[in-house]
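Notes follow once the structure below has been shown.
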Amino acid sequence: MNIILFGAPGAGKGTQAKVLIDYLNIIQISTGDMLRDEVKSGSNLGKMAKQIMDKGDLISDEIIMEIIGERIKKPDCKNGFIFDGFPRTLNQAKSLDDLLASKEMKIDNIIEIYVEEDLLLERINKRISENDISRDDDNPEVLKNRIEIYKSDTLPVLNYYKQSNRLNSVNGMQEIDKVSDDIKNIILT
Ligand code: ADP
């Protein structure tokens, strides 16, 4: 089963992805994690990506599609995967549709985890204050930009899936287990 988890920064995509990979025995494909690994490795791509990520801006669609194209070829994707943090622009969403069609693959479930903006800010600010080693892009200034970019570049993806009747939403402001139950219910129906 192939799934897209959709949600603003701080909505809880990572937390729910972890629950689902165990439950469904599939893997998580987080473009954010993959880019952070590139940064750690010190590769040219990593160096370039770090400058963009530290500002909270988006990596180009070409690079992201290249990374995704290579990743879904790997044998560990056979059982299925969860995209977390991808697609993040309308262009990426359309490219993904083309890419999967060319491989005779498809997304089975597209799930939005919805959280109100005030709560998003509260959650990430809490994450920032509790972590000694927080992410370089987890600071109040950059966070504002990440949320703005979410609204301008990523929300159109949500509308794209809504218009084609492919979108399911869960309330991400409930307890973690309740959110997981709601997602499982969508997946099983
Ligand atoms: P968040 O916690 O804000 O959801 P992620 O961990 O998913 O963030 O991603 C961190 C950063 O990595 C983003 O701010 C962006 O710079 C880059 N990034 C991750 N995924 C993508 C993508 N699909 N397209 C463009 N940039 C991306």
Legend entry - Unit charges on C-beta of K, R, D, E only; dipole of the chain, Debye: 400
Legend entry - Paired Rg and Dmax values of segment 104-171, which use every Cα atom, in angstrom: 15.0, 45
Inset, instruction - Specify which residue in the list 6, 145, 129 is farthest towards the positive end of the charge dipole of segment 1-148, using unit charges on the beta carbon of Lys, Arg (+1) and Asp, Glu (-1), about the Cα centre. - result: 6
Inset, instruction - Subtract the Cα-Cα distance of residue 40 and residue 54 from 0.36 nm times their separation in residues, and report this length gain in nm to one decimal. - result: 3.7 nm
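Eight or more residues apart or on different chains, and alpha-carbon atoms under 19 Å: count the Lys pairs in segment 92-184 matching that. Please report the intermediate quantities before stating the final value.
On the way: 94/103; 94/106; 94/151; 94/162; 106/162; 106/184; 126/144; 151/162.
Close lysine pairs under the 19 Å cut-off: 8.
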Legend entry - Fraction of accessible area attributable to carbon and sulfur, segment 55-142 (%, probe 1.4 Å): 47
Legend entry - Separation in nanometres of the label points that stand 7 Å from Cα toward Cβ, at residue 139 and residue 151: 2.3
Inset, instruction - Could you check how many percent of all C-alpha pairs in the chain are farther apart than 25 Å? - result: 34
Inset, instruction - Convert each backbone phi in segment 72-86 into a coupling constant with the Karplus relation 6.51 cos²θ - 1.76 cosθ + 1.60 (shift: θ = phi - 60°), then list the ³J(HN,Hα) values in order as whole Hz, x for Gly and Pro. - result: 6, 6, 5, x, 5, 8, 4, 6, x, 8, 10, 7, 10, x, 8
Inset, instruction - Run the quick spin-label model on residue 27 and residue 129: label points 7 Å from Cα toward the beta carbon, then report their separation in nm to one decimal. - result: 3.9
Inset, instruction - Would you mind getting the accessible area per residue of segment 1-117, heavy atoms of the protein chains only, 1.4 Å probe, in Å²? - result: 48
Legend entry - FRET efficiency, residue 175 to residue 117 (Cβ-Cβ, R0 35 Å, nearest 0.05): 0.95
Legend entry - Relative contact order (%) - the chain, alpha-carbon pairs under 8 angstrom, separation at least six: 34
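The values are calculated or read from the model by the stated rules, or taken from the named source; none is laboratory data. If you're wondering where the values come from, they're calculated on a predicted model, not measured in any experiment. Counting neighbours? That spans all protein chains shown, and the Cβs are built from the backbone with ideal geometry, glycine included. Keep in mind that these areas ignore ligands, DNA and RNA; they rest on the heavy atoms of the full protein, side chains included. Shrake-Rupley method; radii C 1.70, N 1.55, O 1.52, S 1.80 Å.
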